[in-house]
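Report on one structure; see the data block that follows.
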Amino acid sequence: MNRYISLLLVLLCASVLLNLYLLFIIPKQHLFTQLQVLDNKVKIKQNGSSEAMLNWDLTDQLAKKTPATLYKRSLDDNASLNKPVNNRAELLAQADVLFRDKNFVALGTFLQGYLKQYPQDIEFLLIEAKLKVETTLLSDAIAHYYDLLRKPMTVTQQSEIELHIKQLSKSTIQQLKSNYSWDILAVFVEPLLQLEPSNRLYILSLALAYAELFQEGLMENVLASLDFDDPDAQHIRKIILSQQMISTNEHDIDETTTHTGLSIPLKQFGDQYVVEAILSGNPVALLIDTGASVTAVSKQYFETLDNRYKTKYLGRFSIGTAGGSIMASMYEFQELSIYHVSVKNLPVVILPMQGIENADGLLGMNFLREIDFKIDQRQSVMVIK
């Protein structure tokens, strides 16, 4: 009897040991194998220019394996212990690579998942801010930098963010001023002034835009934050006065005055006129539109250009169109020429223009302001003095 009981106890112990082995040892080996496979697939290698690049094979691409896959696995491994991801430096390097390669869709998905788990990681937040500069309204991107200043960070990081805000806002304002894009400038500065009401650059820039748009009431509302005798404010007020004088003088000009100068042939389509021009060496047909503050080309035309003409990206702006305001990218082109008349470093916005059949874009006032012209409708020519 005792022998049977002893045998039964031995079998019971063996069964317990086998269950423990199946429960703990094999799953760990399987998980270790999976992590080894994943680690072999997700690599960072150096290309010929010593710039880090992601090494994805075709199988991973078909299976939609992205850096987010590694990020998610890393979070899963550490979530129960509530510890930082073990390979954070590698993830940060991969995010930088995606940004440099302009793979913004993958980078956005990656950052969204990572920051959901680690919302205070300032280095990843700074990459997200750079991504917004490339993919959202530039004013919204700068506003995002202002939001970052409320988060805990080092003095160096704070200085970096403040420098980004200053450089982005100042360079954009100067660019829009130099090309007379007053309506775009006003829309760009308005939300920034709300974020920093005492910023002198914002105050003067918005007041100037309103003055050039002949919006005297809005101009005075903005200038109210400065002393009335402020020299810059007085200079802006004089713009309104000069515009009023010009408007009065124009009514006194004899309508029979003849314009002599170079006659440039136009193509007429109904009551619209199209002129042939050269945009950085590329032929382009532009519809003359004195109501457009900035020159524009269609997205279809832009996509036909070589990438070397798309290097000076200025940002995304809210552009008013006949169908309402839309967000559009703006690029600076080296030169726009119509016969002997050229304007260098001209900003051009990229717009969807399915409704325009006979032109590649619009010739706006940031070009037309540079010339003294008149359209002779009877002869379908533009006369440039």
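The values are calculated or read from the model by the stated rules, or taken from the named source; none is laboratory data. Note that the coordinates shown come from a computational prediction; the quantities given were computed from them, not determined experimentally. Neighbour counts are summed over all protein chains in view; Cβ atoms, including those assigned to glycine, are modelled from backbone coordinates with ideal geometry. These area figures cover heavy atoms from the full protein model, side chains too; ligands, DNA and RNA do not enter into them. Shrake-Rupley method; radii C 1.70, N 1.55, O 1.52, S 1.80 Å.
A few notes on this one:
- Taking the Cα centre of region 139-208 as reference, the dipole from Cβ charges on Lys and Arg (+1) and Asp and Glu (-1) amounts to some 180 debye.
- Charging the Cβ of each Asp and Glu at -1 and of each Lys and Arg at +1, and nothing else, the dipole of region 265-385 about its Cα centre rounds to 220 debye.
- Global geometry of region 336-385, whether rounded, prolate or oblate, following the gyration tensor of its Cα atoms and the 1.5 cut on a/c: oblate
- Dipole of region 84-170, positive end: most advanced residue of L91, L111, I161 [Cβ charges, Cα centre]: I161
- Gap separating the Cα centres of region 315-353 and region 139-196, nearest whole Å: 21
- Using θ = phi - 60° and Karplus 6.51 cos²θ - 1.76 cosθ + 1.60, couplings along region 228-242 (whole Hz; Gly, Pro as x): 4, 8, 4, x, 5, 5, 5, 4, 5, 4, 5, 5, 4, 5, 5
- In terms of distances greater than 22 angstrom between alpha carbons, the cross-link table entries K312/K344; K344/K385; K102/K151; K312/K374; K130/K166; K130/K177 yield K102/K151; K312/K374; K130/K177.
- Between region 218-239 and region 369-385, the Cα center-to-center distance that results, in Å: 36
- Here the accessible area is traced with a 1.4 Å probe on the protein chains. For region 270-333, carbon and sulfur cover 47 percent of it.
- Computed from point charges on the beta carbon alone (+1 for Lys and Arg, -1 for Asp and Glu), the dipole magnitude for region 98-251 about its Cα centre is near 480 Debye.
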